[in-house]
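Enquirer: Here you go, one structure.
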Amino acid sequence: IIIHNYIQYDVMHPCITADNQTLYFASDQMGGFGGLDLYVCYRIGNSWSRPQNLGPEINSIGHEAYPFVHTDGTLYFSSNGHESLGGMDVFYTTKNYGRWIAPQNMNTPINSSKDDFGFIIQESKTDGGYFSSNRGGSKAVLYQVSAEKESDYTSLLVTEQKTNLYHL
């Protein structure tokens, strides 16, 4: 991605897929749909393809950031431009016949009326994951996610991690 860094815009929140062949990131480069958009690059030998905007199915007039791609191909990201509970919310989407489907809000308990972002989940979704939120005050705190079922986002349990190591 270093070859695609320019002083005219920001490139942030990189996420590389488990096979090391695809790189997702957020950027405010010209030609996007909003403030920050999500982009993808593909590995070509020892380099990367030019960034491709993920398009209007993913990107809105607001900010999309903090991409994470699960091993099953699900793309998780945060946005304040899609319909949210307030602030940034975590959304997920998958591809259907090569096209991203409309992002789905993960709702509570992942999302709140504050900023919720940086969602990651283990390969076995029942092993849980983490995300950050400022729901408890002005500082972002790390929250742990545990799930009873692999595909049921309504059975998620969220607990705050009490450690200063994860405060932003």
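Enquirer: Please tell me the relative contact order of the chain in percent, rounded to the nearest whole number, where contacts are Cα pairs under 8 Å and at least six residues apart.
Expert: In percent, rounded to a whole number, it is 12.
Enquirer: Please compute the per residue accessible area over segment 1-120 with all protein chains in place, 1.4 Å probe, rounded to a whole number of Å². Walk me through the numbers on the way to the answer.
Expert: Values: 6110 Å² over 120 residues.
Dividing the accessible area of segment 1-120 by its residue count gives 51 Å².
Enquirer: Another question, if that's okay. Taking the convex hull of the alpha carbon atoms in the chain, what volume per residue do you get, in Å³? Don't skip to the end; give the middle numbers.
Expert: Details: hull volume 21.5 nm³, N = 168.
Spelled out: Cα convex hull of the chain, divided by residues, is 128 Å³.
Enquirer: What's the longest bit of the chain with no exposed trypsin sites (Lys or Arg not before Pro), using DSSP loop states and at most 16 other Cβ atoms within 10 Å as the test? Mind dumping the intermediate values first?
Expert: Working: sites that count: 139, 149, 162.
Excluding the exposed sites themselves, the longest stretch runs over 1-138.
Enquirer: Using a simple spin-label model with points 7 Å from Cα along the Cα→Cβ vector, what separation in nm is obtained for residue 157 and residue 17?
Expert: So the label points at residue 157 and residue 17 sit 3.4 nm apart.
Enquirer: Considering only DSSP states other than H, G, I, E and B, which GluC sites (Glu not before Pro) in segment 7-89 qualify as loop sites with at most 15 other Cβ atoms within 10 Å? Intermediate values should be presented prior to the final figure.
Expert: Numbers: sites: 57, 64, 83; in loops: 57, 83.
Within segment 7-89, the qualifying GluC sites (Glu not before Pro) (loop, at most 15 other Cβ atoms within 10 Å) are 57, 83.
Enquirer: Which far-off residues, 5 or more places away or on another chain, put their amide H under 5 Å from the one on residue 88, with H placed in the peptide plane?
Expert: Result for residue 88 returns 115, 116.
Enquirer: In the chain, what percent of the accessible surface is made up of carbon and sulfur (1.4 Å probe, ligands and nucleic acids excluded)? Could you put the intermediate results ahead of the total?
Expert: Numbers: 4650 of 9130 Å².
Its accessible area is 51 percent carbon and sulfur atoms.
Enquirer: Taking 0.36 nm per residue of sequence separation and subtracting the Cα-Cα distance, how much length would be gained by fully extending the chain between residue 47 and residue 104, in nm to one decimal?
Expert: Working: separation 57, 0.36 × 57 = 20.52 nm, distance 3.25 nm.
Length difference between fully extended and current span is 17.3 nm.
Enquirer: Expressed as cubic angstrom per residue, what is the convex hull volume of the alpha carbon set of segment 25-83? Could you put the intermediate results ahead of the total?
Expert: Numbers: hull volume 5.2 nm³, N = 59.
Dividing the Cα hull volume of segment 25-83 by its residue count gives 88 Å³.
The values are calculated or read from the model by the stated rules, or taken from the named source; none is laboratory data. Everything quoted here is computed from the prediction, not taken from an experiment. When we count neighbours, we look across all protein chains shown, and the Cβ atoms used for this are built from the backbone with ideal geometry, even at glycine. Surface areas here come from the heavy atoms of the whole protein model, side chains and all, with no ligands, DNA or RNA. Shrake-Rupley method; radii C 1.70, N 1.55, O 1.52, S 1.80 Å.
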